[in-house]
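Following: one structure in structure tokens, then a few remarks.
The values are calculated or read from the model by the stated rules, or taken from the named source; none is laboratory data. Predicted, not measured: the structure shown is a model, and the values here were computed from it. Cβ sites come from the backbone with ideal geometry, for glycine too, and all protein chains shown count toward neighbours.
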Amino acid sequence: MGWSKVLASLPENPTAEIPVDEVKEHFRKFNSAFEEAYTKQTSWVVPDPGLRDEIKISLARRIVPIYKEFYETYGGMHLRKEMWVESLVRYTPDDLGNYWSGLLNVSGSSGSVMSNSSHGGRSR
């Protein structure tokens, strides 16, 4: 659903020692990919609350642990004294959950509706 670019923007081993330039590039790519995926999906609606929650949980399980390790290793408070960290680290791991909580909701949205029939007729 468009989140594979977000996952691909993070290093395979988020705690491995990598050069500062690569760290910066990973944060840039993550920010860009996250914002692109989020913007595209803010108008999507999943009316089935169970399916909606399943999607959000799946996103969180796949992305947050890797991002959290990377963030704690390279974007956490111990690196905040570096000017580049302030400008590149836009999201904490908790921020991701806050953004996802508003995705795919029925109220106040006029976007595309993903129904169970669009997922191979899967029913709950």
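For region 1-35, give me the residue count where each residue is polar (S, T, N, Q) and part of a loop (DSSP other than H, G, I, E, B).
Initially, region 1-35 is screened for residues polar (S, T, N, Q), giving 4, 9, 13, 15, 31-32.
In the following step, the residues that additionally are part of a loop (DSSP other than H, G, I, E, B) were identified as 9, 13, 15.
Counting residues in region 1-35 that are polar (S, T, N, Q) and part of a loop (DSSP other than H, G, I, E, B) gives 3.
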Checking Ser87 against (1) at pLDDT 90 or above; (2) assigned to a helix (DSSP H, G or I); (3) of a type outside the set (D, E, K, R); (4) within 22 Å of Lys5 (Cα to Cα), the condition it does not meet: (1)
Output for region 6-47, where each listed residue is of a type in the set (Lys, Arg) and modelled with pLDDT of 95 or more: Lys29
Condition (residue is hydroxyl-bearing (Ser, Thr, Tyr) and farther than 14 Å from Leu104 by Cα) applied to region 13-28: is it met by at least one residue? yes
Given (1) surrounded by fewer than 14 Cβ atoms within 10 Å (Cβ to Cβ); (2) modelled with pLDDT under 90, number of the condition Tyr74 does not satisfy: (1)
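From the list Ala33, Ala8, Ala16, Ala60, which residue is surrounded by 18 or more Cβ atoms within 10 Å (Cβ to Cβ) and either over 23 Å from Gly102 (Cα atoms) or of a type outside the set (D, E, K, R) (or both)? Let's see the steps before the verdict.
Working: Ala8 fails: surrounded by 18 or more Cβ atoms within 10 Å (Cβ to Cβ); Ala16 fails: surrounded by 18 or more Cβ atoms within 10 Å (Cβ to Cβ); Ala60 fails: surrounded by 18 or more Cβ atoms within 10 Å (Cβ to Cβ).
That would be Ala33, the only listed residue that is surrounded by 18 or more Cβ atoms within 10 Å (Cβ to Cβ) and either over 23 Å from Gly102 (Cα atoms) or of a type outside the set (D, E, K, R) (or both).
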